[in-house]
Amino acid sequence: MTVTEPSSSSVAELVALFPDGTHLAEDGELMIGGCRAGELADRFGTPAVVVDESALRRRARQYVEALSVHWPNSQAVFASKSFPCTAVVRTLVEEGLGVDVAGGGELVAALAAGADPAHLVVHGNAKTDEELAMAVEAGAGTIVVDNFHDIDRLERLVGAAGQSVLLRVIPEVDADTHVAMVTGQRGSKFGLSLPDAVLAADRLRSSDRLRFDGLHVHIGSQLLDTEPFRRAVEAVARLGELGEHAVYDLGGGLGARYTYDDRPPTVEEYLRALTDTAREHLPATARLIIEPGRSIVAEAATTLYRVVTVKSGPRTLVAVDGGMADNLEPMLYGQRFEAAITSRVGGGAPCDLVGRHCESGDTLIRDINLPDPQVGDVVAVPVTGAYCYSLSNNYNGARRPPVIFCRDGEAREVVRRETFHDLLRRDVS
């Protein structure tokens, strides 16, 4: 076992993975949103998801302002599946984003957050009658048609006022990401192949209820290169059989920086790649829509845990009071995270940070350096804003964690921790 002493550069590199503005107090304590991480753990308990509200707002403004410069006739909509927390959605709506929803619950949350129904984009490869009826009744601005059955259902549900729709097409662009995150490849479960899209477009054009406004594409998530985005725009432009359109929704997919080695494009680089390619290939009058999710929320949040036990042996195992019930990303996608003990940031010896759940696969981070971990230490895992809350669950009776907003040294709970009573609430006998 090799123990490393933290250098100022290594500490700075670790702190840089936390929300923009995170720093160390004079005594070395990690400060998130102006709040001492250890005190947040004491006050709200652990596990807890801590969102730096200012960092979240700055990221949203980056998108809104840069997109308006590069393509004025445009709109950014938040892919709420990445963090479907009402307070998060409300914050992003306040910063000028629309909302992309992929299910009835996300639609309800978006409306509760104050989203303008006209700026809702409704997705799903298997939308039910109930969900489509909810969207139509709410006045959702855009529904993305994914299949022929969407057309059948909408024809029955939509009244004389009509409904704006986009047609999702498969661009056949392979993206370099985890196999579970690619969505634009040949044979994808999302969207229609070109031959089917041509047939669907003909049906939409002949409909007296549905307004066929344009096309939608999405190629995947956690992409760390702009080239696939360029190819997706080019692929849409080549769909000449479908004609030119008033609206092109280019999806989302920009990756986040989870580890030291990740180097995702900046928001500016990503948007420039999209809009430069669109300027070459798409109608100059078209309205562009983008759907950022992970790249807005991932780096704005941190999960706090408390060490419950430490075991020495062939590998040092540091077990915390959370795990796969609050962060399934390592288990589903093999996503690597980093971590810090909030009062001793940087350095240490390699260990495995494991969860409390009854699965051998419940390992949060392998080979992570932590300095002399002790029972009671608070461990902070950065970049947990995307899909951790979405995928949280009650395995082993775990209670889903609270969400805490921090800003200028003030902390407030926006989602409470589940209670044991909550776990029994749906029982009917």
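The values are calculated or read from the model by the stated rules, or taken from the named source; none is laboratory data. No experiment lies behind these values; they were computed from the predicted model shown. Cβ: placed from backbone, ideal geometry, glycine included. Neighbour counts: every protein chain shown. Note: accessible area is taken over every heavy atom of the protein model, side chains too, but ligands, DNA and RNA are not part of it. Shrake-Rupley method; radii C 1.70, N 1.55, O 1.52, S 1.80 Å.
Among the residues of the stretch 210-223, the ones that are open to solvent by 20 Å² or more (accessible area, probe 1.4 Å) and at pLDDT 95 or above come to 3 in all. Filtering the stretch 384-411 to residues that are outside any loop (DSSP other than H, G, I, E, B) and farther than 18 Å from Met331 by Cα leaves Gly397, Val403, Ile404, Phe405, Cys406, Arg407, Glu410, Ala411. Just so you know, in the stretch 21-70 the residues that are small (Gly, Ala, Ser) and free of Cβ contacts under 8 Å to residues at least 60 places away in the same chain include one that is least open to solvent (accessible area, probe 1.4 Å), and it is Ala25. Here the stretch 372-386 is the region considered, the condition is being crowded, with 17+ Cβ neighbours inside 10 Å and small (Gly, Ala, Ser), and the residue that is farthest from the chain's Cα centre (by Cα) is Ala380. Contact map, the stretch 92-113: first residue more than 12 Å from Met134 (Cα to Cα) and open to solvent by 10 Å² or more (accessible area, probe 1.4 Å), second residue acidic (Asp, Glu) and outside any helix (DSSP H, G or I), Cβ cut-off under 7 Å, separation 6 or more or different chains; the map is empty. Given the structure, is Gly184 open to solvent by less than 20 Å² (accessible area, probe 1.4 Å) and either within 21 Å of Gln75 (Cα to Cα) or modelled with pLDDT under 95 (or both)? Judged against the criteria, Gly184 is a match.
Only one of the numbered conditions (1) part of a strand (DSSP E or B); (2) farther than 28 Å from Glu155 by Cα is violated by Asp213, and that is (2). Sub-7 Å Cβ pairs linking a first residue in the stretch 219-234 that is in contact (Cβ under 8 Å) with a residue 60 or more places away in the chain to a second residue that is in a helix (DSSP H, G or I), at least 6 apart or interchain, are Ser221/Met181; Ser221/Arg294; Gln222/Met181; Gln222/Arg294, ordered by first then second residue.
With the structure loaded, tell me whether Arg344 is within 24 Å of Glu39 (Cβ to Cβ) and in contact with an Asp or Glu (Cβ under 8 Å, 6 or more places away or on another chain) or whether it fails that test. So Arg344 passes the test.
Listed by first and then second residue, the pairs linking a residue in the stretch 297-310 that is farther than 20 Å from Gly45 by Cα to a residue that is assigned to a helix (DSSP H, G or I) and among the aliphatic types (A, V, I, L, M), with Cβ atoms under 8 Å apart and 6 or more places separating them unless they lie on different chains, are Val297/Leu56; Val297/Val88; Glu299/Ala55. Consider Tyr270 carefully, then state whether it is modelled with pLDDT of 95 or more, part of a strand (DSSP E or B) and crowded, with 23+ Cβ neighbours inside 10 Å. The answer is no for Tyr270. Of all the residues in the stretch 129-155, those that are in contact (Cβ under 8 Å) with a residue 24 or more places away in the chain and either open to solvent by 60 Å² or more (accessible area, probe 1.4 Å) or not in a loop (DSSP other than H, G, I, E, B) (or both) number 17.
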